[in-house]
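Down below is the structure, laid out as structure tokens.
The values are calculated or read from the model by the stated rules, or taken from the named source; none is laboratory data. Small disclaimer: the values here were computed from a predicted structure and weren't measured. FYI the Cβ positions are ideal-geometry reconstructions off the backbone, even for glycines, and counts take in every protein chain you see.
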Amino acid sequence: MNRYLTAVKAALFLLLLVPFVLIILDGVQDNLTADPIEEILHRTGLWSLRILLITLLMTPLKVLTGSALFIRLRRMLGLFTFFYASMHLLVYVWLDLGLDWAHFFEDVIERPYITVGMLAWLLMLPMAITSNRHMVRKLGQKWKRLHQSIYLVIGLGCLHFLWLVKSDVTEPLIYTGIGLTLLLFRIIHHKHVQRKARIAQSSRS
Amino acid sequence: TLPTTTDKNERFVIDEITREKDATTYNNFYEFGLSKSDPAENAHTLKTEPWTLEIGGLCEVQGKLDLQNLVNGINVEERIYRMRCVEAWSMIIPWMGFKLADLIKMCKPLSSAKYVYFETLYDPKQMPGQNGRSIPWPYREGLRMDEAMNELTLMAVGMYGKELPNQNGAPLRLVVPWKYGFKGIKSIVKMKFLDQQPVNSWQAIAPQEYGFYANVNPEVDHPRWSQATERRITGGFSLFNSRIDTQMFNGYGDYVADLYNGMDLTRYY
């Protein structure tokens, strides 16, 4: 099981790096459209959101298959979500705004889609910092509560996407739909577990 | 086809122009798809010859004009203009075209004509994007008569010394360099003189975000993003070109600022 897990993790790691490598390769070959900054922003943002949804898929997969493997992959997925979100933020602040901090703060305060995007990244930061085994042990129950802010992040991420498109909201709506489905699964599952616990308790008494 | 000799207008020369490759593969033309790379891939289905322009509304000379005849009998020149998209990126493009004013004079508009209205071709067979509902088709645009008569306002039939590529609005498109790019309606089949201000497509879709005038104005932000700066797409790899300041009327204030004297441009955006 352990060697199997290591192999799966290594493969997943390489797979999750592919979008990043493609950006570099396309960049070198001048294949990032006429507006490379916009293209990199778009790709990193999209991959961050996609990997976030895959991260959220792990718990349902574990429940449905009974395999704990999926939970073991969650941290790497979460960290890659953060990696692409950080690239997204870095490209925006550095390449796009040229480190013009006045412009940056104006954007964060005045543009709702940037406000929620920034908020999503800020919520991910403590999760990324406390993702190692040591912090999990140290924080105990608090760790769980802290990492539940992922549910907020998915909402903010979808809002960020929805609010920035010019006319056709089909694509962000698809992501929002998947996100809501994953959240709904948790609510239903949570209720189900609670009911089972209640039944177990009442049959014992 | 273009006239064999086309003069460069020396008053509208800019040194650094956008690479042809960039200007012809990065287009907003929803008739051929929503992504900016779609038009270059899909626009080959558009048949641009022969092409007729229908003239109507409040004018003496009405009816259908064959575009080739029109181009043969009108002064076509090259002008290099800045093009500022409402999405806060910009290009510098060498257009070939004729002054809209020259065409309007030929149509002999009545004194009651206050606006010029344009329509893009509507034909989902040639323009597959029109099967979707991103925009109420056909695409519509309009100008106030004095804007249309301004010497900057161009009807383009070519760019980079060649005929217009389909994705750039062949065979006939409007170029209004002091306004956001969406005013530059593409593949025009209809021109009408009106006494009332028409509703242009983007204004119809989101009136709180896009107005009739759409003048480039760094002081009036789009509700969702700033218009104070822009990403200039020019030659070479522009990854490390950060934003430049957007100029009032896209730098064409000397030609057009008078048109808007006394108007509140935050209200008439």
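So, of the residues in the stretch B:3-40 that are buried (at least 21 other Cβ atoms within 10 Å of the Cβ) and more than 11 Å from every other protein chain (Cβ to nearest Cβ), which turns out to be nearest to the chain's Cα centre (by Cα)? Per the stated criteria, the residue is B:Phe29. For the stretch B:203-228, how many residues meet the condition of being touching a residue at least 60 places away in the same chain (Cβ under 8 Å) and either among the polar types (S, T, N, Q) or within 26 Å of A:Leu97 (Cβ to Cβ) (or both)? Residues flagged as touching a residue at least 60 places away in the same chain (Cβ under 8 Å) and either among the polar types (S, T, N, Q) or within 26 Å of A:Leu97 (Cβ to Cβ) (or both) within the stretch B:203-228 amount to 7.
Residues in the stretch A:3-48 that are more than 14 Å from chain B (Cβ to nearest Cβ), more than 24 Å from A:Trp121 (Cβ to Cβ) and either crowded, with 20+ Cβ neighbours inside 10 Å or polar (S, T, N, Q) (or both): A:Thr6 only. Can you confirm whether the stretch B:201-215 contains a residue that is within 30 Å of B:Glu49 (Cβ to Cβ), buried (at least 16 other Cβ atoms within 10 Å of the Cβ) and modelled with pLDDT of 95 or more? Yes; the residues of the stretch B:201-215 include at least one that is within 30 Å of B:Glu49 (Cβ to Cβ), buried (at least 16 other Cβ atoms within 10 Å of the Cβ) and modelled with pLDDT of 95 or more. Just a yes or no: is a residue in the stretch A:88-100 touching a residue at least 40 places away in the same chain (Cβ under 8 Å), more than 30 Å from B:Val220 (Cα to Cα) and in a helix (DSSP H, G or I)? So far as the stretch A:88-100 goes, no, none of its residues is touching a residue at least 40 places away in the same chain (Cβ under 8 Å), more than 30 Å from B:Val220 (Cα to Cα) and in a helix (DSSP H, G or I). Scanning the stretch A:178-198 for residues that are more than 21 Å from A:Phe161 (Cβ to Cβ) and polar (S, T, N, Q) yields one hit, A:Gln194. Residues in the stretch A:105-118 that are more than 8 Å from chain B (Cβ to nearest Cβ) and either among the basic types (Lys, Arg) or surrounded by 17 or more Cβ atoms within 10 Å (Cβ to Cβ) (or both): A:Ile114, A:Thr115, A:Val116, A:Gly117, A:Met118.
Screening the stretch A:1-80 for helices (runs of 4 or more DSSP H) wholly inside it with 2 or more residues that are within 15 Å of the chain's Cα centre (by Cα) and not hydrophobic (A, V, I, L, M, F, W, C) returns the ranges A:36-65. Among the residues making up the stretch B:31-61, those that are more than 21 Å from B:Pro171 (Cβ to Cβ) and without any contact (Cβ under 8 Å) to a residue 12 or more places away in the chain are B:Ser35, B:Lys36. Criterion first (without any contact (Cβ under 8 Å) to a residue 40 or more places away in the chain, within 30 Å of A:Asn2 (Cβ to Cβ), of a type outside the set (Asp, Glu) and surrounded by 15 or more Cβ atoms within 10 Å (Cβ to Cβ)) does A:Ile54 satisfy it? So A:Ile54 fits the description; yes.
Please verify whether B:Thr266 is within 28 Å of A:Val116 (Cβ to Cβ), within 21 Å of the chain's Cα centre (by Cα), among the β-branched types (Val, Ile, Thr) and at pLDDT 95 or above, treating the condition exactly as stated. Can you show your working first?
Details: within 28 Å of A:Val116 (Cβ to Cβ): yes; within 21 Å of the chain's Cα centre (by Cα): no; among the β-branched types (Val, Ile, Thr): yes; at pLDDT 95 or above: yes.
Spelling it out, it is not the case that B:Thr266 is within 28 Å of A:Val116 (Cβ to Cβ), within 21 Å of the chain's Cα centre (by Cα), among the β-branched types (Val, Ile, Thr) and at pLDDT 95 or above.
Rundown of residues vs (1) within 14 Å of chain A (Cβ to nearest Cβ); (2) at pLDDT below 95; (3) buried (at least 17 other Cβ atoms within 10 Å of the Cβ), yes/no style:
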site	(1), (2), (3)
B:Leu65	no, no, yes
B:Arg79	no, no, yes
B:Val86	yes, no, yes
B:Trp95	no, no, yes
B:Lys125	no, no, no
B:Gln130	yes, no, yes
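Can you tell me which residue is farthest from the other protein chains (Cβ to nearest Cβ) among those in the stretch A:127-145 that are in a helix (DSSP H, G or I) and in contact with a helix residue (DSSP H, G or I) (Cβ under 6 Å, 6 or more places away or on another chain)?
Ranking the candidates gives A:Val136 first.
Here is a yes/no grid of residues against (1) away from chain B (no Cβ under 14 Å); (2) among the aliphatic types (A, V, I, L, M); (3) in contact (Cβ under 8 Å) with a residue 40 or more places away in the chain; (4) closer than 30 Å to B:Pro136 by Cβ:
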site	(1), (2), (3), (4)
A:Leu159	no, yes, yes, yes
A:Asp168	no, no, no, yes
A:Leu180	yes, yes, no, yes
A:Arg186	yes, no, yes, no
A:Ile199	yes, yes, no, no
A:Ser203	yes, no, no, no
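Looking at the stretch B:138-236, what strands (runs of 3 or more DSSP E) fall wholly within it and have at least 2 residues that are more than 14 Å from chain A (Cβ to nearest Cβ) and of a type outside the set (Phe, Trp, Tyr)? Please lay out each step first, then the result.
Values: elements: B:140-144, B:154-159, B:173-175, B:188-194, B:229-232.
Qualifying strands (runs of 3 or more DSSP E): B:140-144, B:154-159, B:173-175, B:188-194.
Restricting the search to the stretch B:107-121, which residues are touching a residue at least 24 places away in the same chain (Cβ under 8 Å) and exposed (fewer than 15 other Cβ atoms within 10 Å of the Cβ)?
Across the stretch B:107-121, the qualifying residues are B:Lys108, B:Leu110, B:Ser112.
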